[in-house]
Amino acid sequence: MKQTRITEKLMYVEPDSMARFSSCAGLMVHSKKTIFIDMNLGESDARILLSQISPDAAVITHFHLDHSVWTHWAETDGVPVYVPAKEAAFLSSLDHVVAHTAGPLGYGEQWRAFAENTLGFRALSHFFSYDEDTVFLEFVPEMVVMATPGHSPGHTSFYFPDDRILFSGDLGLDRFGPWYGWQNCDIRDLVASLLRLDGMKIDLVLSSHGGMIQKGIPDLFTAKIKDVLRREHRIQQQLSAGKSEAEIIENGVFYPHKKKVPPPLKSFLTMWDAVMFQHHKDLLADGGLAAFFPELSEIAVPRQ
Ligand SMILES: [Fe+2]
C-alpha cells in the first residue's frame, strides 16, 4: 500500500493493485478520534492497517463491493461500521446485493460466486446508518457529509472545508469519468451531484480509483459532465446510423476494449456497458440530458 500524508489529520491510502475490481483508495482521518473511509486495500493490507491503527469507526462511501467488503474485518475487530442509510440492506445480505445488481441482468450466479469467492463478501450483522444529516461529532466534527447520488443511490462524498479537500469516492472525477453500470445508478442524479460540487472551494480531490487531483479543479466537474454528454452523443450517432444495440455495446460505452479481457470479467464489462447504454437510451427517449438540465446547453461538447 502507499500512504500519502495530505495534512496533519488526513492520510490518503492507495492499494498496491486495483485489478479485478477488488479494491479502492481510502482515507484515514485523525481528528477527535480516528476513522477509516473506504479502506478496501485488499485483505492483507486492510487487516494490517486495522490492527495497527485500531480506528474508532469504519465508514464507506457506498455499497459497491470494491469499497465495502473490508468492513466485515472491521466488524470482526469490534470497529463500528457506518453505511449510507439508503444502501444499508446491501451490507447485510448477499441475496439483496445480487437481486439489485447482476441478478436481473442474467449474471446473478456469476456475480454471487465472484462476490463471495474472489472479493470475499461476508454479510455484516451489526452496523450503523448515516445520511447527509449525520454529523460525525464524536469522531470528525469538521467533516461535511455530502450526498452525491447517481453512481449509486446513497453515494456520499466527504468534504473537509478547513483544508478545502474533497474525498470524492466513485464520482468519476478521474480520467475514466463517471460510471453508471448498475440499474440503480442514475445519470440525472449523477449530473446533479456534479453540478452541486461545481463552484465549491476545493483545492484537492482525493478519488477512489484515480489518485489525487490538483490541477484544473475549477473545470473538473463540468469536464465530467461533458464526458457523459459525449457518450450520449456517440450513442445517438450510432443509433441514427442504424447500428444495433449489441454493436453499440460491443463498441463500448465505458469499456471500449473488452475483447481480450478473460472471463468472467469480460461478461461483467459487457453487462455494465449494456446497462450504461440503456440508461442513455432511456434518457434520449425523454429528450436527452440537456432536456433536464437547460444549463448544459451552454456546455460545448467536443466531438470525437
Ligand atoms: Fe462504485
Practice task
Please enumerate the residues belonging to the range 232-250 that are closer than 13 Å to A274 by Cα and in a helix (DSSP H, G or I).
Solution key: I235, E245, A246, E247, I248, I249, E250
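Regarding H64, is this residue within 19 Å of G169 (Cβ to Cβ) and either surrounded by 16 or more Cβ atoms within 10 Å (Cβ to Cβ) or not hydroxyl-bearing (S, T, Y) (or both)?
Values: within 19 Å of G169 (Cβ to Cβ): yes; either surrounded by 16 or more Cβ atoms within 10 Å (Cβ to Cβ) or not hydroxyl-bearing (S, T, Y) (or both): yes.
So H64 passes the test.
Out of G177, G108, G150, which single residue is open to solvent by less than 20 Å² (accessible area, probe 1.4 Å), in contact with a Leu (Cβ under 6 Å, 6 or more places away or on another chain) and more than 25 Å from D45 (Cβ to Cβ)?
Numbers: G177 fails: in contact with a Leu (Cβ under 6 Å, 6 or more places away or on another chain); G108 fails: in contact with a Leu (Cβ under 6 Å, 6 or more places away or on another chain).
Step by step, each of G177, G108, G150 is checked, and only G150 is open to solvent by less than 20 Å² (accessible area, probe 1.4 Å), in contact with a Leu (Cβ under 6 Å, 6 or more places away or on another chain) and more than 25 Å from D45 (Cβ to Cβ).
Just to be sure before I move on: is M11 surrounded by 15 or more Cβ atoms within 10 Å (Cβ to Cβ) and outside any strand (DSSP E or B) in the structure I sent?
Values: surrounded by 15 or more Cβ atoms within 10 Å (Cβ to Cβ): yes; outside any strand (DSSP E or B): no.
It is false that M11 is surrounded by 15 or more Cβ atoms within 10 Å (Cβ to Cβ) and outside any strand (DSSP E or B).
Quick one: which residue in V228, V135 is assigned by TED's automatic domain parsing to the domain that holds D273 and under 25 Å from E87 (Cα atoms)?
Values: V135 fails: assigned by TED's automatic domain parsing to the domain that holds D273.
One residue alone meets the criteria, V228.
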Fill in the blank from the handout: From the option list A25, A58, A99, single residue qualifying as surrounded by fewer than 24 Cβ atoms within 10 Å (Cβ to Cβ) and hydrophobic (A, V, I, L, M, F, W, C) is A99
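Just name the residue that is farthest from the ligand (Cβ to nearest atom) out of those in the range 70-94 that are in contact (Cβ under 8 Å) with a residue 24 or more places away in the chain, under 14 Å from F36 (Cβ atoms) and open to solvent by 10 Å² or more (accessible area, probe 1.4 Å).
Residues of the range 70-94 in contact (Cβ under 8 Å) with a residue 24 or more places away in the chain: 70-75, 77, 79-88, 90-94.
With the extra rule that they be under 14 Å from F36 (Cβ atoms), the set shrinks to 70-75, 77, 79-83.
Going one step further and asking which of them are open to solvent by 10 Å² or more (accessible area, probe 1.4 Å), we end up with 72-73, 75, 77, 79-80, 82.
Details: H72: 18, W73: 19, E75: 20, D77: 24, V79: 22, P80: 22, Y82: 17 Å.
My answer is D77.
Restricting to the range 113-138, count the residues that are part of a helix (DSSP H, G or I) and either polar (S, T, N, Q) or open to solvent by 60 Å² or more (accessible area, probe 1.4 Å) (or both). Full working, then the answer.
Narrowing the range 113-138 to residues part of a helix (DSSP H, G or I): 113-118.
Going one step further and asking which of them are either polar (S, T, N, Q) or open to solvent by 60 Å² or more (accessible area, probe 1.4 Å) (or both), we end up with 116-118.
The number of residues fulfilling the criteria is 3.
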Exercise for the section: Hey, can you tell me all the residues within the range 155-174 that are touching a helix residue (DSSP H, G or I) at 6+ places or on another chain (Cβ under 8 Å) and open to solvent by 10 Å² or more (accessible area, probe 1.4 Å)? Expected result: D170
Practice task
Quickly run through the range 269-295 and pick out the residues that are of a type in the set (A, V, I, L, M, F, W, C), under 18 Å from G177 (Cα atoms) and out of contact with any Gly (no Cβ under 9 Å at 6 or more places or on another chain).
Solution key: F277, L289
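Could you please find all residues in the range 155-172 being more than 10 Å from the chain's Cα centre (by Cα) and of a type outside the set (V, I, T)?
Keep residues of the range 155-172 that are more than 10 Å from the chain's Cα centre (by Cα), which gives 158-167.
F158, Y159, F160, P161, D162, D163, R164, L166, F167, listed by residue number.
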Practice task
Please list, ordered by first then second residue, the pairs with beta carbon atoms under 9 Å, 6 or more apart or interchain, first in the range 214-228 and among the small types (G, A, S), second buried (at least 22 other Cβ atoms within 10 Å of the Cβ).
Solution key: A223/L173
Completion exercise
Matching residues in the range 187-236 (open to solvent by 50 Å² or more (accessible area, probe 1.4 Å), in contact with a helix residue (DSSP H, G or I) (Cβ under 8 Å, 6 or more places away or on another chain) and of a type in the set (D, E, K, R)) number 3
Handout entry: Failed criterion for G210 (all others in (1) without any contact (Cβ under 8 Å) to a residue 40 or more places away in the chain; (2) within 16 Å of the ligand (Cβ to nearest atom); (3) touching a strand residue (DSSP E or B) at 6+ places or on another chain (Cβ under 6 Å) hold)
Key = (3)
Handout entry: Residue list for the range 3-55, restricted to those being of a type outside the set (G, A, S), closer than 15 Å to Y82 by Cβ and within 16 Å of the ligand (Cβ to nearest atom)
Key = L27, I37, D38, M39, N40
Exercise for the section: Considering only the range 32-55, state which residues are of a type in the set (S, T, N, Q), outside any helix (DSSP H, G or I) and open to solvent by 40 Å² or more (accessible area, probe 1.4 Å). Expected result: S54
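The values are calculated or read from the model by the stated rules, or taken from the named source; none is laboratory data. Since we're looking at a predicted model, the values are computed, not measured. Positions of Cβ are generated from backbone atoms using ideal geometry, with glycine treated the same way; all protein chains shown enter the neighbour counts. For accessibility, only protein heavy atoms count, side chains too; no ligands or nucleic acids. Shrake-Rupley method; radii C 1.70, N 1.55, O 1.52, S 1.80 Å.
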